[in-house]
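Please read the structure below before turning to the comments.
Bear in mind that the values in this text are calculations on the coordinates, not laboratory data. From a predicted model like this one, the values you see are computed outputs, not experimental measurements. With ideal geometry, Cβ positions are generated from the backbone for all residues, glycine too; neighbour counts draw on all protein chains shown.
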Ligand SMILES: Cc1cc2nc3c(=O)[nH]c(=O)nc-3n(C[C@H](O)[C@H](O)[C@H](O)COP(=O)(O)OP(=O)(O)OC[C@H]3O[C@@H](n4cnc5c(N)ncnc54)[C@H](O)[C@@H]3O)c2cc1C
C-alpha cells in the first residue's frame, strides 16, 4: 500500500510536470514526454496489479459478478486489463526505451558518431576524433562534480534535499556509465537493448524523484496537504533509490549474454521438447491473417460486435 500511495503521488507529479512543460511551449520536451508515457504506463500497471492482489478473489472478479453477489461493483480486473494496453500502444515500452536512449545519446552521436561508425575511413575517424576531443574535454569534467556533492545544496527542500542531491549526483553517474558503454561497444551499443533499457529506467526513476520533490514543495507552499506530500515524496524517493541502485548493479552484472544464447536456441527450435504434453489453447489457423479483405473476414468482424 505504501508503494501504491507513494508511486501514485510521483506518477501524478511526473504527468503534471511533463504537461506543464508542454503547456509552457518553450521547451524541447521530447525526453520528458516520452518518460511520462513510459513511466506512467509501467507504474500504473503495477499499481493496478497490487490493487487486484489486495482485493484478493474480489480483485479478480468482474464488477458484474460482484454486483450479482450484492457487493460493490469495483471493476479492479477491468482496470488491470485496460491499463495493460498502455504498455503496448502509443509506443510500446520496448520502443520507448529505444527512443529515449536514442535521444539521450544524440548529443554524443552528433559529435562522435563518425568515430564509432565502422563504415568511416581512418582519416574521417581522425577528424572526428579531434572534434570529439574538444567536446569531451569540456563535457567530461562536468560529470565529475556538482551540487549533489555539496552538503546543504537544495536546502530549500528541507528533508527532501538529500534526495535531490542524490538525483544530481546519480544523473552524472548515469551519463558517465552511458559514455563508458559508448566507448566500450561503440557502434554495437544500439544492439545492447537490455543495457539501454536499464539506462532509461534509471533516468525515469530520477526524473520521477525530482518531480515528486518539486510537487511536494509546491503543495507545501500552497498549503494543500504539505506534510503528507512531503512524507509521500520521501517514501517514493527511498523506494526509487533502491530500484536505481539495483539497476546500476545490473548494468554490468547481468545474464544478457546467456539470455541471448538461449533466445537464439528458442528461435532455432532447440527447446521445442519443453512443449511436450502442453495443450496449445490457440488451435489452428495462421499466425497473421491474410491482408486481403474477404467475406469470411467481414463475417468474423460482425460476429465479434455485440
Ligand atoms: C485496443 C487497441 C487499440 C489500438 N488503436 C490503434 C489506433 O487507434 N491507431 C493505430 O494506429 N493503432 C492502434 N493500435 C495498434 C497499436 O498501435 C499497435 O498494437 C502497437 O503499435 C504495437 O504494434 P504491434 O501490435 O504491431 O506489435 P509489434 O510491433 O509486433 O510488437 C510486438 C512486441 O515486440 C516488441 N518490439 C517490437 N519491435 C521491437 C524492437 N525493435 N525491439 C524490441 N522490442 C520490439 C513490442 O514492444 C511488443 O512488445 C491499437 C491496438 C490495440 C490493441
| note | Relative to the compact-globule estimate 2.2 N^0.38 Å (N residues), the Cα gyration radius of region 114-158 stands at a ratio of 1.93
| Packing-based order for 270-277, 81-88, 22-29, using average beta carbon neighbours within 10 Å, highest first | 81-88, 22-29, 270-277
| field | Three-way shape call for the chain based on the alpha-carbon gyration tensor, with the a/c threshold at 1.5 | value | oblate
| Using alpha carbon centroids, what distance separates region 99-115 and region 223-285, in Å? | 26 Å
| query | By its C-alpha gyration tensor, with a ≥ b ≥ c as the square roots of the eigenvalues, how is region 66-154 shaped: rounded for a/c under 1.5, else prolate for a/b larger than b/c, else oblate? | reply | oblate
| Of the peptides 252-258, 232-238, how do they stack up when ordered by the mean number of other Cβ atoms within 10 Å, highest first? | 232-238, 252-258
| Taking the chain as a Gaussian network, where each spring joins two C-alpha atoms under 10 Å apart, which residue of 35, 206, 219 fluctuates the most? | 219
